[in-house]
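Report on one structure; see the data block that follows.
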Amino acid sequence: MLEGKKIIVVMPAYNAEQTIERTYLDIPRGLVDEILAVDDHSRDNTVEVCRKLGVQVIAHENNRGYGANQKTCYEEALKRGADIVIMLHPDYQYPPKLINAMASLVASGMFDVVLGSRILGGMALKGGMPIYKYISNRFLTFFENMVSGAKLSEYHTGYRAFSRQVLLNLPLLENSDDFIFDNQMLAQIIRFGYKTGELTAPSRYASDSSSISFGRSIVYGFGVIGTSLALFMDRLNLVKFSIFNPNGRKIEL
Ligand SMILES: Nc1nc2c(ncn2[C@@H]2O[C@H](COP(=O)(O)OP(=O)(O)O)[C@@H](O)[C@H]2O)c(=O)[nH]1
Ligand SMILES: [Mg+2]
C-alpha cells in the first residue's frame, strides 16, 4: 500500500523457470501488496516454480501470445482491487528494485503511466542490448515521437506502471495478442491523453533474458510503424481505428 493505494506486480511469463525466482526475490516487499504471474502455457516448469515460491499463478490452457498474456495480467490485477499495477518481465531483464519508485510516481497523481526506460542514462549498450536492437529502438523512437507529438526516450520497454483508471479506460481488448500489444497500448495512452513519466531502468541482456528472434523483431518493427501511422491518421481524423475508439472493447470486471 502507498497512500492507501493497493499495489500489484504482474509478471507475464513464458518459459521463465530459470529466471523467475531471481526476479521474484528482488521485488521489494514493503509497498507491494500482491505478486501475480500469468503463465502462457510454457513448455518448461514455470508454473511449478511459481507455486514453489508462493507466487500466485494463473495458467493459460494454450499458448495465446504476449499481448493476450498481458490482458489476463491486467484483468486479474483489477479483479484483485489493484490501484497501481506494475508489469515486470520475469526474465530478470529489468531491475525489480525500482518498483517502489515507479509505484510512487503513479501514486503521487502526477503520472498515469510510468515507463522504466533503458535508454535514459545511456546504459542500454553497456547492459548488453544488441547493437541492432539499439539502433532500431532509436530509429523507431525518433519516428514515433515525430508522428505522435510525444517526447519519450523509448517506446519498447517491458517495464511499466499503470493507474487503475488507465487499465479500465483504454480499449485494451482491441489490441493484438502478440508482441505489438505493448506498442499499441502506448499509442492509446498518448491518444487518450494520459500523462506518462519515465525513469532510468538499467537492463540486462543475456540469453535467458532475451529470446525474441531477429525475424520476429523485424515483424515487430513494421508493426510499430503501422501503429504510429494509425495514431497519426486517427489524430487527424483521416481514418479511425478500433484501438483508438473510446467505445472499443475494454477489460470488464
Ligand atoms: N506470452 C508469451 N510471452 C512470450 C512469448 N515469447 C516471449 N515471451 C515473453 O515476452 C517477453 C519479451 O521477450 P524477450 O525474449 O525477453 O524479448 P527482449 O527482452 O525484448 O529481447 C518476455 O517476458 C518473454 O517471457 C510467447 O510466445 N508468449
Ligand atoms: Mg526480455
Exercise for the section: Highest first, please rank the peptides 4-11, 131-138 by the mean number of other Cβ atoms sitting within 10 Å of their residues. Expected result: 4-11, 131-138
Exercise for the section: Please give the peptides 100-107, 60-67 ranked by average Cβ packing (other Cβ atoms within 10 Å per residue), highest first, as a rough proxy for protection. Expected result: 100-107, 60-67
Practice task
Express the carbon and sulfur contribution to the solvent-accessible surface of the range 7-244 as a percent, rounded to the nearest whole number, probe 1.4 angstrom.
Solution key: 58
Practice task
Just check the range 102-155 against the gyration tensor rule for me: Cα atoms, a ≥ b ≥ c as the square roots of the eigenvalues, rounded for a/c under 1.5, and otherwise prolate or oblate depending on whether a/b exceeds b/c.
Solution key: oblate
Exercise for the section: Note down, for the chain, the three equivalent ellipsoid semi-axes (square root of 5 times each alpha carbon gyration tensor eigenvalue), biggest first, whole angstrom. Expected result: 26, 21, 19
Practice task
Just read off the accessible area of Arg249 with the full protein assembly in place, 1.4 Å probe, to the nearest 10 Å².
Solution key: 140
Exercise for the section: Give me the lysines in straight-line cross-link reach of Lys151: C-alpha distance below 24 Å, same-chain residues under 8 apart excluded. Expected result: Lys126, Lys133, Lys195, Lys240
Practice task
Can you tell me the dipole magnitude for the range 101-253 around its Cα centre, using point charges on the Cβ only (Lys, Arg +1; Asp, Glu -1), in Debye to the nearest 20?
Solution key: 260
Problem - Alpha-carbon centroid distance for the pair the range 211-237 / the range 41-80, whole angstrom - result: 26
Exercise for the section: Send over a whole-number figure in Å² for the accessible area per residue of the chain, probe 1.4 Å. Expected result: 44
Fill in the blank from the handout: If the chain between Ser211 and Arg43 were fully extended at 0.36 nm per residue, the gain over the current Cα-Cα distance would be 59.1 nm
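The values are calculated or read from the model by the stated rules, or taken from the named source; none is laboratory data. Quantities reported herein were computed from a predicted structural model and do not represent experimental measurements. Reconstructed Cβ throughout: ideal geometry from the backbone, glycine too, with neighbour counts over all protein chains shown. Ligands, DNA and RNA are stripped out before the accessible areas are found, and what is left, the full protein with its side chains, is counted by its heavy atoms. Shrake-Rupley method; radii C 1.70, N 1.55, O 1.52, S 1.80 Å.
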